[in-house]
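**Student:** Structure in structure tokens, see below.
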């Protein structure tokens, strides 16, 4: 890659008649300065490329890591345990306005995608109640699992 540097200065000479005679050579101080600038710009460019490469390696590594705390991983763990009843809650203020069938569909999503038959009980949590007690009370069957998002 060529980076143009326009910091060069030609030294002009005057002849005996006072007219300008262009010598066409460059002042060594300006030339040395422009070469240093060019080298600095190239060093900065190389550092940027290295940083970009390192960022891409990091992103690739992160994409390959298992999502331990993901909704899908939790669903697969519950399916592997052989649950038949899922007690699902979305611990968010939004859940109060969602219809129970919407919450059930959200809880069932990854089970349906993996073709796992499971019945879903959607639980809406309310302010001031003990969420753990409410969810455990809804999971009466020994083959129940709780998914609390």
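**Student:** Looking at the range 107-133, which of its residues are part of a helix (DSSP H, G or I) and free of Cβ contacts under 8 Å to residues at least 40 places away in the same chain? Spell out how you get there, then give the answer.
**Tutor:** Going through the range 107-133, the residues part of a helix (DSSP H, G or I) turn out to be 107-113, 131-133.
Hits for the range 107-133 are 108, 109, 110, 111, 112, 113, 132, 133.
**Student:** Before we move on, is residue 42 surrounded by 10 or more Cβ atoms within 10 Å (Cβ to Cβ) and at pLDDT 75 or above? Step through it out loud before you land on a result.
**Tutor:** On the way: surrounded by 10 or more Cβ atoms within 10 Å (Cβ to Cβ): yes; at pLDDT 75 or above: yes.
When the stated conditions are applied, residue 42 passes them.
**Student:** A further question on this structure: Of all residues in the range 78-100 being part of a helix (DSSP H, G or I) and touching a strand residue (DSSP E or B) at 6+ places or on another chain (Cβ under 8 Å), which is surrounded by the fewest Cβ atoms within 10 Å (Cβ to Cβ)?
**Tutor:** It comes out as 100.
The values are calculated or read from the model by the stated rules, or taken from the named source; none is laboratory data. Bear in mind that the values here come from a model prediction, so they are computed numbers and not experimental data. Backbone-built Cβ (ideal geometry, glycine too); neighbour counts: all protein chains shown.
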